[in-house]
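Okay, so here's the structure we're looking at.
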Amino acid sequence: MVSTCLQVQLETVTPLFLGGADPRGKPELRAASVRGALRFWLRALAGSSTGDSASGIEKLRQMEAQVFGSTDTGASPISIQLKHRNPLETIGYSQLAELDIQNNPRNTGIAYLFFAARSDRSNPERKAIKAGTSFNLHLLPRPGIDAKSALQQSYAALWLLTHLGGLGARSRRGAGSIQVTRSVMENDWFSDLPGLVVQAKTPCELKEELEQGLRTIRTLLSGKAQIQRPSTFDILHPGVCQVIVIDKTFNTWGDALDWLGQEMRNFRSRRQPDYSNAKSAIQAFKPLSTTIERAAFGLPIAFYFRSLNKKATLQGSSHDRRASPLLIRVTRLSNGKCVLVLTLFYANLLQHSERLKFNYQPEPNDGAVPPDFSLVDKFLYDIQSKGAACLKVTAW
C-alpha cells in the first residue's frame with residue numbers, strides 16, 4: 001500500500017495564545033489544538049457540500065469522523081505531530097499592549113483586540129508564544145490504512161487555517177495567525193490542490209490567490225448544497241460567507257492589528273443606540289426591551305457605566321458566549337509586508353428562540369431578539385470609507 005506524509009514548517013505571524021491545562025500558565029504548542037482547528041475548517045468546508053439541515057449535519061459528522069475520527073468510528077486515520085525547539089519564547093499581554101505604569105496601553109488597538117488576555121483581580125495576564133516562532137507539523141497516515149482521501153481533506157483544512165484562520169485564544173481577533181514557510185510532500189497526492197506557501201506580493205495578488213485556492217479546494221468535495229442565510233453553523237459557502245482582503249499593507253503584524261483594533265474600538269465605543277439602551281436597562285435593573293446591535297460582533301459584552309457605578313454582562317439566555325462571526329488574521333506577503341484578511345460567517349448568532357439578556361436577569365425568556373449582521377457590514381463599509389478598500393474575494 002502506497003503511503004505518504006505531509007511535512008510543513010509553520011511560523012507564528014502574530015503572537016499565539018495557546019495554553020495547556022492552565023490557560024494562563026505557560027503557553028504550549030499542542031497537537032490536539034491543531035487538530036481542533038483543522039476540524040473546524042474541514043467542517044466549514046464540508047458544510048457547503050452537505051448543507052445545514054438535520055440530515056446534512058449528520059452526513060457532515062460522518063465525513064468529519066472519516067478524517068479526524070470520533071468516539072463512534074474510532075481513531076483518525078491520520079496522526080498529527082508537532083516538533084519545535086525548547087524553550088518557546090513567550091511574551092505577556094502587558095508587553096504586547098505596551099502598558100505604562102498606570103496600565104494605559106501605548107498600542108491601544110492591540111490592547112483592544114487582545115483585551116481578554118489582560119490581568120484582573122483574580123487572574124494573571126496571559127502569555128503568548130512570540131510572533132516569528134517556527135515549528136514543524138507532520139500529517140502521517142496510520143500504518144495499514146488507506147488515508148489518501150483523509151490526507152487530502154486535512155491538507156485542504158490546513159490551507160484554510162493558514163490562509164483564513166488562526167490558532168488559539170483571540171484567534172478571531174488576530175492572534176495566532178500562522179503561515180506555512182516550507183512544505184515537503186512525498187508524492188503527488190496534493191499536486192492538484194493549491195500551494196500552502198503564500199506567493200502574493202500585493203493585496204490584489206493575495207485576493208486572486210485566495211480566489212483560486214478556494215475554487216480549487218471546494219471541488220475536493222462533491223455536491224453543492226443550497227444553504228439559507230443565516231446558516232446554522234459557520235459554512236464556507238459564498239451565500240453565507242464573505243472573505244475580504246484589506247487593500248493596505250503594513251510593515252509589521254503589530255502595525256496591522258493596532259490599526260484595525262483602533263478602527264474597531266472607535267466604531268463600537270459608546271455607539272448609539274446601544275449605549276443608551278444598555279444604560280437605561282442597567283440603571284433600572286430591568287430586562288432589555290431593544291436589541292444590542294454590538295452583539296453581532298460576539299458575546300459576552302461587559303458594560304460598565306462610571307456615572308452609575310454599575311456594570312453588567314450581555315450574553316445569550318442559554319449561552320453566555322458566542323464566538324465572533326468576524327475572523328481577523330494577518331497574512332505576511334512574500335515580500336515581507338503584512339496584510340489583513342477578514343472572513344465573515346453569516347451564521348445564527350444564537351440558537352432559535354434564544355434571547356439577549358444581562359446576567360442579572362433571572363428569567364431566560366426575558367430579553368431582546370438578537371441583532372442581524374448589518375452592524376458588522378457597516379463596520380466594513382466604515383473601513384472602506386476611510387480609504388482602505390475592501391477587496392472582496394469572489395467567484396469561488
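Taken along the Cα-to-beta-carbon direction at a fixed 7 Å, the label points for Arg182 and Gln228 span 5.1 nm.
Per-residue Karplus couplings for the stretch 148-154, computed as 6.51 cos²θ - 1.76 cosθ + 1.60 with θ equal to phi - 60°, are listed in order as 4, 4, 5, 5, 5, 5, 6 Hz, Gly and Pro entered as x. When only alpha carbons are used to place a centre, the stretch 210-278 and the stretch 370-396 end up 8 Å from one another. With respect to the chain, whose longest principal axis is taken over its alpha-carbon atoms, helix 374-385 is tilted by about 80°.
In loop segments of the stretch 337-388 as defined by DSSP, the trypsin sites (Lys or Arg not before Pro) with at most 14 further C-beta atoms inside 10 Å of their C-beta are Lys386. Lysine pairs in the stretch 254-396 whose alpha-carbon atoms fall under 18 angstrom of each other, counting only those eight or more residues apart or on distinct chains, come to 10.
Accessible surface calculations at 1.4 Å, restricted to protein heavy atoms, place the stretch 191-329 at 48 Å² per residue. Provide the FRET efficiency to the nearest 0.05 for the Lys148-Ser53 pair, computing r from the beta carbons and using R0 = 35 Å. So, using R0 = 35 Å, E works out to roughly 0.75.
Temperature 10 °C, viscosity 1.306 mPa s: under these conditions the Stokes-Einstein estimate for the stretch 214-277, based on its Kirkwood radius over C-alpha pairs, is 101 µm² per second.
Note: relative contact order over the chain, using C-alpha pairs below 8 Å and six or more positions apart, is 21 percent.
Across the stretch 204-361, the volume of the C-alpha convex hull divided among the residues equals 134 Å³ per residue. Dividing the Cα radius of gyration of the chain by its Kirkwood radius returns 0.96 for Rg/Rh. In plain terms, the C-alpha convex hull of the stretch 1-43 casts an average shadow of 4.9 nm² when viewed from every direction.
Computed from the alpha carbon atoms alone, the convex hull of the stretch 66-144 holds 167 Å³ per residue. The share of accessible area on the chain that comes from carbon and sulfur is 46 percent, using a 1.4 angstrom probe.
When the alpha carbon gyration tensor of the stretch 280-396 is reduced to an equivalent ellipsoid, its three semi-axes come out at 33, 16, 13 angstrom, largest first. 3J(HN,Hα) couplings calculated from phi for the stretch 42-49 with the Karplus curve 6.51 cos²θ - 1.76 cosθ + 1.60 (θ = phi - 60°) are, in sequence order, 5, 4, 5, 5, 5, x, 6, 8 Hz; Gly and Pro show x. Over the chain, dividing the summed -39,500 (n - 2.57) contributions of all DSSP H runs of at least 4 residues by the number of residues returns a 222 nm mean residue ellipticity of -9500 deg cm²/dmol.
With viscosity set to 0.890 mPa s and temperature to 25 °C, compute the Stokes-Einstein D of the stretch 41-88, Rh being the Kirkwood radius across alpha carbon pairs; µm²/s, no decimals. Value of D from the Cα-based Kirkwood radius: 199 µm²/s.
By the Stokes-Einstein formula, at 0.890 mPa s and 25 °C, the stretch 155-198 with its Kirkwood radius over alpha-carbon pairs has D equal to 215 µm²/s.
Across the alpha-carbon set of the stretch 314-369, the Rg to Rh ratio works out to 1.26, Rh being the Kirkwood radius.
For Lys279 and Asn104, compute 0.36 nm times the residue count separating them, minus their Cα-Cα distance, and round to one decimal in nm.
Value of the extension gain: 60.5 nm.
Remark on the stretch 119-221: Rg and Dmax equal 16.7, 54 Å (Cα only). Projection of the Cα convex hull of the stretch 1-141, averaged over all directions and equal to a quarter of that hull's surface, yields 12.1 nm².
Annotation: peptides 232-241, 194-203, ranked by per-residue average of other Cβ atoms within 10 Å with the highest first, follow the order 232-241, 194-203.
The values are calculated or read from the model by the stated rules, or taken from the named source; none is laboratory data. The model shown is predicted, which means the values in this text are computed figures rather than measured ones. Neighbour counts are summed over all protein chains in view; Cβ atoms, including those assigned to glycine, are modelled from backbone coordinates with ideal geometry. Accessible surface areas use protein heavy atoms only, side chains included; no ligands, DNA or RNA. Shrake-Rupley method; radii C 1.70, N 1.55, O 1.52, S 1.80 Å.
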